[in-house]
Amino acid sequence: MPQVLTAARTAIDRGLAVFPLPIGGRVPEPGWQRPATVLPELLAGRGVGIGCRASHVVALDLDVHGDDDGRGVLAALADRLGATVPETFTVATPSGGLRLYFQAPMGCTIGSVSGGHSPLGPGIDVRGPGRRSGGYLVGPGSVVDGRPYVIAPDVPVAPLPCWLAERLQGQR
């Protein structure tokens, strides 16, 4: 699975810590936080997980399911605030969503929130470093149900904009 190692190396080059996921799976083994590494070779024959705490990132998972349009909700929020969503390292999900990775501010305790409970609005799940182990994401190069997670675009991880950090601070 050379595409998995290539994608893992790209994620590592962007400052992300990876850990193995079961082939074709989204759920890591217990204790997944400990093996987060910058050595892609440890993933041979596995999927790629990204540990938010070890990577010091906050990721916005912009879902596209039914009436939920995370991309549209985020764009509307930015427009309403007169802000912009910076270009950042992004992974396209098999369901048509996007995962935007942002460098977390120092001392960040932004936690993970999903299922429509995000302060950013419907269709936007948040994965963050939290207070303890932090959240995780299925990373680029992973294949679930025969469909890949693809880097799009491959640019540096941008700092989390203040207007987003203000809305997300205090999540556990």
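Remarks
- Among the residues of this structure, PRO20 does not count as one that is at pLDDT below 80 and under 17 Å from GLY135 (Cα atoms).
- Flag for ARG167 being over 15 Å from the mean Cα position of the chain (by Cα) and at pLDDT 95 or above: no
- Every condition in (1) in a loop (DSSP other than H, G, I, E, B); (2) more than 15 Å from the chain's Cα centre (by Cα); (3) at pLDDT 80 or above is met by PRO30 except one, and the failing one is (3).
- ALA59 modelled with pLDDT of 95 or more and not acidic (Asp, Glu): yes
- Which listed residue, of PRO30, PRO22, PRO119, PRO94, is surrounded by fewer than 18 Cβ atoms within 10 Å (Cβ to Cβ) and in contact with a strand residue (DSSP E or B) (Cβ under 6 Å, 6 or more places away or on another chain): PRO94
- Test: residue in the range 38-51 that is farther than 24 Å from CYS162 by Cα, modelled with pLDDT of 85 or more, touching a strand residue (DSSP E or B) at 6+ places or on another chain (Cβ under 9 Å) and not basic (Lys, Arg): yes
- Figure legend. Inter-residue proximity from the range 113-128: first residues over 21 Å from LEU16 (Cβ atoms) and touching a residue at least 12 places away in the same chain (Cβ under 8 Å), second residues among the hydrophobic types (A, V, I, L, M, F, W, C) and part of a loop (DSSP other than H, G, I, E, B), beta-carbon distance below 7 Å, spacing 6+ or different chains. No pairs are indicated.
- Residue under evaluation ALA78, criteria (1) among the small types (Gly, Ala, Ser); (2) within 19 Å of ILE12 (Cβ to Cβ); (3) out of contact with any strand residue (DSSP E or B) (no Cβ under 7 Å at 6 or more places or on another chain), criterion not met: (2)
The values are calculated or read from the model by the stated rules, or taken from the named source; none is laboratory data. All values reported here derive from a predicted model rather than from experimental measurement. Quick reminder, even Gly has a Cβ in these numbers, built from the backbone with ideal geometry, and neighbours come from all protein chains shown.
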